[in-house]
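Only one structure is covered here, and it is reproduced in the block below.
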Amino acid sequence: AQSVTQLDSHVSVSEGTPVLLRCNYSSSYSPSLFWYVQHPNKGLQLLLKYTSAATLVKGINGFEAEFKKSETSFHLTKPSAHMSDAAEYFCVVSRYNNNDMRFGAGTRLTVKP
Amino acid sequence: EAGVAQSPRYKIIEKRQSVAFWCNPISGHATLYWYQQILGQGPKLLIQFQNNGVVDDSQLPKDRFSAERLKGVDSTLKIQPAKLEDSAVYLCASRRGRTNTEAFFGQGTRLTVV
């Protein structure tokens, strides 16, 4: 079975400070990993994806994530938070041989002025 | 390309009534997913189709929920009879192929059962 654990349900940062949203996964097979963002009353939007190429993945809006197999982690980072980054973030794992997509519980990011 | 279309956007029904949701995926996408997202939680996979075949429906409450994907394109999700705990946003997503591609999501249908 595969699963995703997002270690923080809520993260609060000040505008201009770094963002770290943590995600650990378990998978019996080589996974693909994704981060999606959900703004209030908006649909889910892809931020970035890891599909067994480069372990450091760059996404939209200055976000990036690093795949660490030894730590089974795929943490999302951004050097400087912006007010518009306030949203719910989901880490998603997909198995190579199955094509399913399992979501973590989500991390709500609050950005203070 | 056009996105994933879902309808209706909102639905309010009384408990024990039935309801159906419709999803039109992106053209050419073989995989289609239905998720249930309860307020404050992450989306939970209900059912996954590959073309018109079911790949995974292990978390679908089959005593009241049903889904089909006719001709491997559009899909419908039905609840009969609805319960209060079915109040949630129902998301449809589609994906072109295997795991190196991302899924695209519709806007969802917000169901309120009263």
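For the reader, a short list of remarks on this structure follows.
- So residue B:28, is it assigned to a loop (DSSP other than H, G, I, E, B), within 7 Å of another protein chain (Cβ to nearest Cβ) and of a type in the set (Gly, Ala, Ser): no
- The single condition among (1) more than 24 Å from residue A:41 (Cβ to Cβ); (2) at pLDDT below 95; (3) within 14 Å of chain A (Cβ to nearest Cβ); (4) under 14 Å from the mean Cα position of the chain (by Cα) that residue B:60 does not satisfy is (2).
- Condition met for residue A:69 (out of contact with any Lys or Arg (no Cβ under 9 Å at 6 or more places or on another chain) and surrounded by 15 or more Cβ atoms within 10 Å (Cβ to Cβ)): no
- Failed criterion for residue A:89 (all others in (1) closer than 17 Å to residue A:6 by Cβ; (2) assigned to a strand (DSSP E or B); (3) more than 14 Å from chain B (Cβ to nearest Cβ) hold): (3)
- Residue within region B:100-110 that is among the basic types (Lys, Arg), surrounded by 16 or more Cβ atoms within 10 Å (Cβ to Cβ) and within 11 Å of chain A (Cβ to nearest Cβ) present: yes
- Tally, over region B:66-93, of residues that are small (Gly, Ala, Ser) and within 11 Å of another protein chain (Cβ to nearest Cβ): 1
- The one condition from (1) in a loop (DSSP other than H, G, I, E, B); (2) within 12 Å of the chain's Cα centre (by Cα); (3) of a type in the set (A, V, I, L, M, F, W, C) that residue A:53 does not meet is (2).
- Verdict on residue B:12 being under 18 Å from residue B:107 (Cβ atoms) and assigned to a loop (DSSP other than H, G, I, E, B): no
- Taking the criterion of being more than 13 Å from the chain's Cα centre (by Cα) and modelled with pLDDT under 95, the residues of region A:95-112 that qualify are A:95, A:96, A:97, A:98, A:99, A:100, A:101.
- When residues of region A:39-66 are limited to those that are closer than 14 Å to residue B:107 by Cα and within 11 Å of chain B (Cβ to nearest Cβ), the one modelled with the lowest pLDDT: A:41
The values are calculated or read from the model by the stated rules, or taken from the named source; none is laboratory data. Model, not experiment: these values are computed from the prediction. A quick note on method: Cβ atoms are made from the backbone with ideal geometry, for glycine too, and the neighbour counts reach across all protein chains shown.
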